[in-house]
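Participant: Right, I'll just put the structure down here and ask away after.
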Ligand code: KG4
Ligand code: ZN
């Protein structure tokens with residue numbers, strides 16, 4: 001059963017053809033990083049305009065790479081939220097028009113559900129039930145997943161998402177957008193014990209909080225760097241990789257250690273509390289090298305089976321939307337052509 005997935009929830013235009021919810025035939029992603037990086041973050045209006053330009057070429061390429069025609073499709077699966085409303089509108093309108101013109105059924109998928117199903121696109125797939133940690137630019141949450149459509153939220157961020165904290169810290173350090181990969185890279189050269197940034201463990205809760213950490217980094221930067229003689233990217237100096245002073249590497253490593261400590265510890269609590277020894281890690285921040293390593297170590301120590309999608313399936317992609325859409329289609333959960341995207345859409 002072939003499904004065309006479409007995701008335009010944020011700043012990537014993506015289309016993919018997936019067979020039976022598990023096998024990727026094509027997965028095309030057109031990134032908008034070059035457009036947004038000069039502003040230090042996503043500009044929603046520019047994002048939706050670029051989606052309009054790219055949606056047709058990206059879908060066309062996904063179909064051509066798969067070597068199939070529209071009559072081969074069982075359905076089209078589109079992400080309807082959560083995300084930027086102007087961006088979501090492009091994908092949803094395009095999917096509806098295509099379904100109408102080609103007489104193809106439509107299914108609508110929650111973006112978070114897509115992240116939950118991304119590990120099923122890998123060779124080794126989790127059985128139910130499992131604990132899912134989703135860490136992205138917009139979300140940081142833990143779920144107990146008992147089957148398709150059976151998601152119990154165990155915890156969520158009370159303020160910033162982990163990826164958002166990476167992006168904001170990167171911006172205040174003058175390191176550019178998106179912050180996650182840059183900080184991940186610089187952290188390798190820094191000392192994670194150099195600065196003791198706070199970890200918000202929120203006792204008795206599986207919720208997260210990262211805004212205090214972000215403020216601590218800001219305060220450190222204000223008091224320790226801005227007044228010093230460091231050639232700081234903050235003052236527009238030393239933009240080249242080799243020019244980045246050691247203190248920036250140390251801030252990156254220490255910040256990352258604080259984020260990863262909390263994510264891994266909370267996930268460990270969830271595993272113990274729920275008595276489930278199966279774990280998935282997905283979302284853009286799941287591409288982080290330190291988080292992957294530390295989660296693997298924790299899983300090995302506790303005898304937990306860990307399923308992490310490859311890096312390109314952690315960040316936004318339409319293959320995961322097709323993977324989740326497969327289950328909606330099988331359950332007969334079709335969407336009408338009156339489908340509207342929703343910016344805030346809890347799972
Ligand atoms: O899942 P995703 O592509 O989009 C959302 O649904 O939000 O996640 C994007 C987020 C960004 O905040 C980006 O900085 C972060 O994932 N990210 C990373 C890494 N790669 C991407 N964060 C930490 N380390 C990385 N290697
Ligand atoms: Zn995402």
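FYI, it's all coordinate maths here, none of it is from the lab. Everything numeric in this text was worked out from a predicted model, so none of it was measured. Reconstructed Cβ throughout: ideal geometry from the backbone, glycine too, with neighbour counts over all protein chains shown.
Participant: With viscosity set to 1.567 mPa s and temperature to 4 °C, compute the Stokes-Einstein D of region 1-62, Rh being the Kirkwood radius across alpha carbon pairs; µm²/s, no decimals.
Facilitator: 106
Participant: Now for a different question. Report the percentage of all Cα-Cα pairs in region 51-179 whose separation exceeds 25 Å, rounded to a whole percent.
Facilitator: Numbers: 3497 of 8256 pairs.
Tail fraction, whole percent: 42.
Participant: Something else now. If you find the alpha carbon centre of region 1-57 and of region 127-162, how far apart are they in angstrom?
Facilitator: Using only Cα atoms to place each centre, the spacing works out to 23 Å.
Participant: Now for a different question. Taking the Cβ of each residue in 78, 58, 304 as the centre, tally the other Cβ atoms inside 10 Å and list the residues starting with the fewest.
Facilitator: Starting with the residue having the fewest Cβ neighbours, the order is 304, 58, 78.
Participant: Determine the relative contact order of the chain: mean sequence separation of Cα pairs under 8 Å and six or more apart, normalised by residue count, in whole percent.
Facilitator: Once normalised by length, the contact order is 26 percent.
Participant: Follow-up. Scale the Cα Rg of region 268-319 by the rule-of-thumb value 2.2 N^0.38 Å and send over the ratio, two decimals.
Facilitator: The value comes to 1.17.
Participant: Still on this structure, I have one more. Let me understand the chain better: what is its radius of gyration from the alpha carbons, and its Dmax, in angstrom?
Facilitator: Final numbers for Rg and Dmax: 20.4, 65 Å.
Participant: By counting other Cβ atoms within 10 Å of each Cβ, how are 94, 208, 117 ranked from fewest to most?
Facilitator: By the 10 Å Cβ count, ascending, the order reads 94, 208, 117.
Participant: A follow-up question, please. Restricting to region 1-117, compute how many DSSP beta bridges are antiparallel as a %, nearest 5.
Facilitator: Of the beta bridges lying entirely in region 1-117, close to 60 percent run antiparallel.
Participant: Can you give the translational diffusion coefficient of region 112-179 in µm²/s, computed by Stokes-Einstein from the Kirkwood radius over Cα pairs at 20 °C and 1.002 mPa s?
Facilitator: Result for D is 161 µm²/s.
Participant: Still on this structure: Calculate, in nm to one decimal, what residue 33 and residue 194 gain on full extension: separation in residues at 0.36 nm each, minus their alpha carbon distance.
Facilitator: Extending this stretch completely gives an extra 54.9 nm.
Participant: Which percent, nearest 5, of DSSP beta bridges in the chain are antiparallel?
Facilitator: Antiparallel bridges: around 60 percent, rounded to the nearest 5.
Participant: Identify which of 96, 171, 330 has the largest mean-square fluctuation in a Gaussian network model of the chain, with springs joining Cα atoms closer than 10 Å.
Facilitator: Of 96, 171, 330, the Gaussian network model singles out 330 as fluctuating most.
Participant: With a 10 Å cut-off between alpha carbons and a GNM built on the chain, which of 34, 127, 261 moves the most?
Facilitator: Between 34, 127, 261, it is 34 that shows the largest mean-square fluctuation.
Participant: Using label points projected 7 Å from each Cα along Cα→Cβ, tell me how many nm separate residue 64 and residue 218, to one decimal.
Facilitator: So the two model labels end up 4.7 nm from each other.
Participant: Please report the spacing between the Cα centers of region 65-94 and region 248-289 in Å, no decimals.
Facilitator: Cα centroid of region 65-94 versus Cα centroid of region 248-289: 31 Å apart.
Participant: Here's something else I'd like to know. On a full-extension model of 0.36 nm per residue, what is the gain between residue 201 and residue 123, subtracting their alpha-carbon distance, rounded to one decimal in nm?
Facilitator: This chain segment gains 24.6 nm when fully extended.
Participant: Quick one: among 271, 76, 131, which has the greatest mean-square fluctuation in a GNM of the chain with alpha-carbon springs under 10 angstrom?
Facilitator: Maximum fluctuation in the GNM of the chain, among the listed residues, is at 271.
Participant: With 10 angstrom as the radius, rank 214, 64 by how many other C-beta atoms surround their C-beta, starting from the fewest.
Facilitator: Fewest-to-most Cβ neighbours within 10 Å comes out as 64, 214.
Participant: Here's another thing I want to ask about it. Checking the a/c ratio against 1.5 first, then a/b against b/c, what shape does the Cα gyration tensor give for region 51-94?
Facilitator: Taking the square roots of the gyration eigenvalues as a ≥ b ≥ c, region 51-94 is oblate.
Participant: Let me ask something else about it. Helix 162-172 sits at what angle to the longest principal axis of the chain, using alpha carbons and giving 0 to 90 degrees rounded to 10?
Facilitator: 50
Participant: When the helices in the chain are scored as -39500 (n - 2.57) per DSSP H run of 4 or longer and the sum is shared across all residues, what 222 nm value do you end up with, to the nearest 500 deg cm²/dmol? Intermediate values should be presented prior to the final figure.
Facilitator: Working: 11 runs with 141 residues, N = 347.
Estimated from H runs of four or more residues: -13000 deg cm²/dmol.
Participant: Describe numerically, in nm with one decimal, the distance between label points set 7 Å from Cα along Cα→Cβ at residue 300 and at residue 72.
Facilitator: Spacing of the two 7 Å Cα→Cβ label points: 4.1 nm.
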